[in-house]
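Below: one structure, written as structure tokens.
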Amino acid sequence: MPQINLTLPDGSEKAFESGITGLEIAKNISEGLARKAIAVQLGEKILDLNRPLATSGTFRIITPSNEDPSSLFVLRHSCAHVLAEAVCALYPGTKLAYGPPVEDGFYYDLATPEPITHADFERIEKKMAEIVKEDRPFTRIEISLEEAFKRTEGDKYKTDNIERAAARGDKVYSFYVTGIDGAWEDLCAGPHIPSTGKLKAFKVLSLAGAYWHGDQKSDQLTRIYGTCFADKAGLDAHLKFLEEAKKRDHRRIGQEMDLYHLEDHSPGMVFWHPRGTILVNVLKDFVRKEIIKRGYKEIMTPEIVDKSLWVRSGHADKYDANMFKTMAGEREMAVRPMNCPGHIEVFNQGLKSWRDLPLRFAEFGKCHRNEPAGTMHGLMRVRGFVQDDGHIFCTEEQITPEVSDFCALVKDLYKVFGFEKISVKFSTRPETRVGSDELWDKAEHALEEATKLAGLEYKLSPGEGAFYGPKLEFVLKDSLGRDWQCGTIQVDFNMPGRLGAEYVGKDNQKHTPVLLHRAALGSLERFIGILTEEYAGDFPFWLAPVQVRVLPVSEKFSEYAEKIYNELCKASIRAEVDNSNEKVGYKIRQGELAKIPYLLVVGDKEVAANTVSVRKRKEGDLGQKSLGELYHLVAGK
């Protein structure tokens, strides 16, 4: 009998007969472990507990755990099936489309004979609980392509899924049946838990619309989101997190603070209101001040250029479906999805010498990408956005110090906003790319050396680099523990040559510069969304759209309030006056709700003393102060 060698978590290696199952191995260790086990991991693959094992590799038995991503993956994948089965039972005629586990939960896309609303969640959860209580086994059935087509005959979505799997070259097709009688089944690659009774804590969370395979021209489906944890404590903690995240939702806060809005006639494009525009400009000024110190030269490039530029740069092959295009007479033009080709065009004007390098260009460039409708989310995913973009033209020898300096810049910028937990992903060459392996070897080696110089620890992401070069991605963690990828730097040996960029070296010969693509904050829209949720709209004084609001006690003090307002404006303090015909107590409450850092109350005493009564957000009354004392109070905040 052939044997396989499995390396166990303690480092020991044991030989087993090929075909042994994970459940059998668990029983050999202990009956208790076998009862707890829900799946196994062989190498990088997660497998059903009852799957025969045929290859050697690292091996571990997976048990329910809120800290183990593999455990949650199996639990949530299985819970998605239970959700789908419950909906099918409650709404006969439901067609199943697709139901994967995702970060923090799962979803299932379905075509139901009647609309499902939030009011139906309790009913769906009750049916799911019945299925779990019955402890129905998950049974895997493997069949041929021909049998798979027969099994899904008349089922549009499952037949489509089989056709796509066949196009990928899949040879084996699997269905999972729940229950002893096999009354319900779903086409699925797995893996799943042994039986539904292993699901201890789940919740149906929300509804959304979805298109089949994300194609807006295809069928619209109902997407039901849910989540699942190993135990009730994990679920309760997550629901509490969701409640806190809901309070901080930038879409609600943005509306309450009158920062921006979105329109159906311009999907994914932000209409910034005066207060929101202040936020954008304050961020720009903040970044601009920091990069000027580091020798950047700010430029501005066109948003629409001939499509041929994108063909030459290589972007057309990668982004054509996501580019907005238009015609200018007979010329096909494209709205830029990124800024790099325009920066190379500026570099190409005039002969450059090695003495000019490194040459650092920066631009707050507006980009447009035709993102699928179902992926857009407030400011976090939009079609039109501004990047704090930059491109550094340098020699090979300058890559390491330039990348290291940029890493320091990112740390410095994030620290100002309170983000000190930063992780780094090192993304290497993707399968589809431009340039030779030799150039990619150089780029990846240079980037690795730069991380050493910068003292960065990173997690490797094989195959996730840009099509023109490897990259570092900076991921910040907010106060709720969420990860946000914002900054990036990419080493590019390819695009400058494709667009004819050259410089004269010390040897008087022409050379192609290396191009470093970098953005510190990334999309300003997205970063403002992150900040809004991080601060729950309670922005620090320097960033607050309105820093001071003047509150006259009654209409007769409006003139004095306007005088104070004008003085504040001259001092470059962002101020406004509440001249509404309301009592001062109401005005104070409104100012608190609007999260204004300082409220200045003016009445008889203040006019007589030429002062203001200062109220600081979250601290209350600070007493009467002159404007000079107020300026001293807010200085440096």
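The values are calculated or read from the model by the stated rules, or taken from the named source; none is laboratory data. Not measured: the values here are computed from a predicted model. All Cβ positions, even for glycine, are placed from backbone atoms using ideal geometry, and neighbour counts span all protein chains on display.
Key figures for this structure:
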| read-out | value |
| --- | --- |
| Any strands (runs of 3 or more DSSP E) falling wholly within region 439-498 and containing at least 1 residues that are among the acidic types (D, E) and modelled with pLDDT of 90 or more | 471-477, 483-492 |
| Single condition A446 does not satisfy, out of (1) more than 30 Å from E533 (Cα to Cα); (2) out of contact with any helix residue (DSSP H, G or I) (no Cβ under 8 Å at 6 or more places or on another chain); (3) of a type in the set (A, V, I, L, M) | (2) |
| Single residue of region 136-159 satisfying the filter (of a type in the set (S, T, Y) and surrounded by 15 or more Cβ atoms within 10 Å (Cβ to Cβ)) that is modelled with the highest pLDDT | T139 |
| Members of region 347-358 that are surrounded by 17 or more Cβ atoms within 10 Å (Cβ to Cβ), under 37 Å from the mean Cα position of the chain (by Cα) and closer than 20 Å to L309 by Cβ | F347 |
| Some residue of region 126-139 being out of contact with any helix residue (DSSP H, G or I) (no Cβ under 6 Å at 6 or more places or on another chain), part of a loop (DSSP other than H, G, I, E, B) and not aromatic (F, W, Y) | yes |
| Flag if E533 is acidic (D, E), in contact (Cβ under 8 Å) with a residue 12 or more places away in the chain, in a helix (DSSP H, G or I) and out of contact with any Leu (no Cβ under 7 Å at 6 or more places or on another chain) | yes |
| Where a residue in region 280-298 is assigned by TED's automatic domain parsing to the domain that holds V386 and its partner, wherever it lies, is at pLDDT 95 or above and assigned to a helix (DSSP H, G or I), with Cβ under 6 Å and at least six apart | V280/L524; L283/L524 |
| Test: Q490 is under 20 Å from N339 (Cβ atoms), surrounded by 21 or more Cβ atoms within 10 Å (Cβ to Cβ) and polar (S, T, N, Q) | yes |
| Segments classed as strands (runs of 3 or more DSSP E), wholly inside region 147-223, with at least 3 members that are of a type in the set (A, V, I, L, M) and in contact (Cβ under 8 Å) with a residue 24 or more places away in the chain | 201-211 |
| Among the candidates V434, V403, residue that is in contact (Cβ under 8 Å) with a residue 60 or more places away in the chain, assigned by TED's automatic domain parsing to the domain that holds P470 and part of a loop (DSSP other than H, G, I, E, B) | V434 |
| Meets criteria (at positive phi and at pLDDT 95 or above) for G214 | no |
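Conditions (1) in contact with a strand residue (DSSP E or B) (Cβ under 9 Å, 6 or more places away or on another chain); (2) surrounded by fewer than 17 Cβ atoms within 10 Å (Cβ to Cβ), marked per residue:
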| site | (1), (2) |
| --- | --- |
| N5 | yes, yes |
| G11 | no, yes |
| E17 | yes, yes |
| G22 | yes, no |
| K27 | no, yes |
| Q41 | yes, no |
| C88 | yes, no |
